[in-house]
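The values are calculated or read from the model by the stated rules, or taken from the named source; none is laboratory data. This structure is a prediction, so every number in the text was calculated from the model and none was measured. Cβ sites come from the backbone with ideal geometry, for glycine too, and all protein chains shown count toward neighbours.
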Amino acid sequence: MLPVRGIAPMPKVSQQQDLSLLSSSKNGLVYLTANDWALIADKALRRKYKPGDSLVQEGRRTHGVFILLQGAAVVQIPGHGPDRDIGPGEVCGEISFLDELPATANVVARDETEAYYLDRPTLQSLFELFPHLGSRFYRSLASIVSRRLREVIGRQASPQTSLKKQPG
């Protein structure tokens, strides 16, 4: 398990700001409703990371998902093109969460970063109480994984595509 830097109870004002940010994110859990976000924020642990701290380590299970609130992190997938930045509202650790296998990437804080962390048992209990939340959550994760896979494939295909277009 990753060490917990700082977990602090959230003041209501801060939680309201978080909910506003998360519900407006275009690259995050886009199918969640305002009520879904309120339930998640109530159960999530808020973690703080310094620049260089790992949120996700390749080869280690995450046992949950991270949702960035502040700052930025770098996703490093060895052998699969350039690193990718993620920011507030975006998720990491989702592949390990979905398949319960070790992570396929490293995610490292680029600067001071805060994230919600939701472990599997917490999410499962929420989904049992609110099945539609589970449906929207997993639909959102499917959309994220699909988009990210297309981005990786697109980066790998670009050099090959440009070679094919050149007269030979």
request  = Determine whether the stretch 119-138 contains at least one residue that is under 13 Å from the mean Cα position of the chain (by Cα), in a helix (DSSP H, G or I) and within 20 Å of Asn27 (Cβ to Cβ).
outcome  = yes
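Does Ala103 qualify as being at pLDDT 95 or above, within 21 Å of Asp18 (Cα to Cα) and in contact with a Lys or Arg (Cβ under 9 Å, 6 or more places away or on another chain)? So that I can check it myself, show each step before the final result.
Values: at pLDDT 95 or above: yes; within 21 Å of Asp18 (Cα to Cα): no; in contact with a Lys or Arg (Cβ under 9 Å, 6 or more places away or on another chain): yes.
Answer is no for this residue.
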query = If a residue has to be of a type in the set (Val, Ile, Thr) and either surrounded by fewer than 16 Cβ atoms within 10 Å (Cβ to Cβ) or not in a strand (DSSP E or B) (or both) to count, how many in the stretch 75-85 make the cut?
reply = 1
note = If you go through Leu55, Leu32, Leu98, the only one that is part of a strand (DSSP E or B) and either surrounded by fewer than 14 Cβ atoms within 10 Å (Cβ to Cβ) or modelled with pLDDT of 95 or more (or both) is Leu55
